[in-house]
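The values are calculated or read from the model by the stated rules, or taken from the named source; none is laboratory data. Please read these numbers as outputs of a predicted model, since none were measured by experiment. Reconstructed Cβ throughout: ideal geometry from the backbone, glycine too, with neighbour counts over all protein chains shown.
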Amino acid sequence: MRIAICGTRGIPACYGGFETFAEELSIRLVKRGHEVRVYGRKHVIDYDEPTYQGVEICLLPAPRHKYFETPVHSLISFFHLLFHRVDVVLVCNAANSPFVWLLRLAGLPVAVNVDGIERRRAKWNFVGRLWYWLGERCSVWFATRIVADADVIAEYYREQYGADSSVIRYGYSLTAEAAAQSKADGDGKHLDFLNENPLFSELGIRVDSYILFVSRLEPENNAHVVIDAFNGLPEELRRRCPLLVVGDAPYAREYIDSLHQMACDEVVFAGYRFREAYIALQLGAAIYVQATEVGGTHPALVEAMGFANCIVVNGTPENTEVIGDAGHVYSKNDSQMLRRTFSRLLSDVDSIGASRRAARTRAKQLFSWDNITSDYERLFESLRCSSRGVPAAHSDQATDTAQR
């Protein structure tokens, strides 16, 4: 089967969740005998080879603009697809759906992974929110099948638009499995994997002795809530277990500056970290906190569970759906409750250990990339067999492939 993946910045992944998703999925599909092409942006992906681990790389231009970059790049990608056809197209991000009609008009079956309810993000102005509102509707009107990565997102599309979705979750990488299992088991062997890594001394932190926050630094991801909660901890706790903030954002400099201004001395800003560095920081954390309030399944949260972290999440339906009973929840955006949660966990090593084991067990059961690839493979095969399927809103074949 010939498959195209559009709507991300491209691979090799060097930015966020959709890029990691495209890389993990495409490589596995190629290993199963499929031909896969991933579209990317020339100014983002610094890679000169035509293929990456067997995946065809197609880098196309895009304007460097907060509002235009994603949809314009996807429009260019869609035109390219009209002349370089495949059997099935996977479009990532509902913001790209207003142009999906081009592919459908050409007879191409299209699955749209809609992500979260992006129009609720504070970073968008009226025009940005309006575009995402249109994107939701166009996903329903034009996609052969809608894909949601969380039950709450599927329920939103069902209630709002009467549209069924295939629920296929995000996965976590099997990289450093032995170290992650060691961390869950509490035998200390993962420390051997990490202690000689110069990254920790570079950042001024110690393995197993920091709270980890990973996200784009935008207001609705609530780094300010986490920092405020951490600032209020006793100085002894802050020094023993600093807060490590991993992430950045290309169009949020004013907000990021405000985070630096409010942060106490024990908050460490690490910027973007990818691949080996990111894995090491996940494995080395004592506690992982997910403070997002918008979106579906957040990749860093799933990965943190796979790396056997003690998980603390903002109490949104999306976050609590992911962790189930394998973590700790604070009331939505309540910094005082988050502070109490930090204080309680840092004083209870046994609770941290139990939470690590529970998180890793749940990740292995629900968020395996191999199982997720099988779900997408079945979806793509069903779309190929009905290449002019009815729109998603009216399909009686939409299936929930979630692993429960």
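General observations
- Residues that are of a type in the set (Phe, Trp, Tyr) and under 19 Å from the mean Cα position of the chain (by Cα), drawn from the range 159-195: TYR170, TYR172
- Only one entry of GLY33, GLY40 meets the criterion of being surrounded by 19 or more Cβ atoms within 10 Å (Cβ to Cβ) and either among the small types (Gly, Ala, Ser) or in a loop (DSSP other than H, G, I, E, B) (or both), and that entry is GLY40.
- Subset of the range 192-204 (residues that are exposed (fewer than 12 other Cβ atoms within 10 Å of the Cβ) and part of a helix (DSSP H, G or I)): ASP192, PRO198, SER201, GLU202
- Near pairs, Cβ below 6 angstrom, 6+ apart or cross-chain, from the range 210-223 (outside any loop (DSSP other than H, G, I, E, B)) to any residue that is of a type in the set (Ser, Thr, Tyr): LEU212/TYR288; PRO219/TYR255; ASN221/SER215; ASN221/THR292
- Unmet requirement for LEU283, which otherwise passes all of (1) surrounded by fewer than 19 Cβ atoms within 10 Å (Cβ to Cβ); (2) more than 17 Å from the chain's Cα centre (by Cα); (3) not charged (D, E, K, R): (1)
- When the criteria are applied in full, ILE211 fails the requirement of being among the aliphatic types (A, V, I, L, M), touching a strand residue (DSSP E or B) at 6+ places or on another chain (Cβ under 9 Å), in the same structural domain as SER343 (by TED's automatic domain parsing) and over 19 Å from ALA286 (Cβ atoms).
- Among the conditions (1) surrounded by fewer than 20 Cβ atoms within 10 Å (Cβ to Cβ); (2) closer than 24 Å to GLY296 by Cβ, the only one that LYS189 does not satisfy is (2).
- Answer residue from the range 266-303, given it is among the aliphatic types (A, V, I, L, M) and without any contact (Cβ under 8 Å) to a residue 60 or more places away in the chain and is nearest to VAL44 (Cα to Cα) among those: LEU301
- Of all residues in the range 342-369, those satisfying the criterion of being hydroxyl-bearing (Ser, Thr, Tyr) and assigned to a helix (DSSP H, G or I) are SER343, SER351, SER355, THR361.
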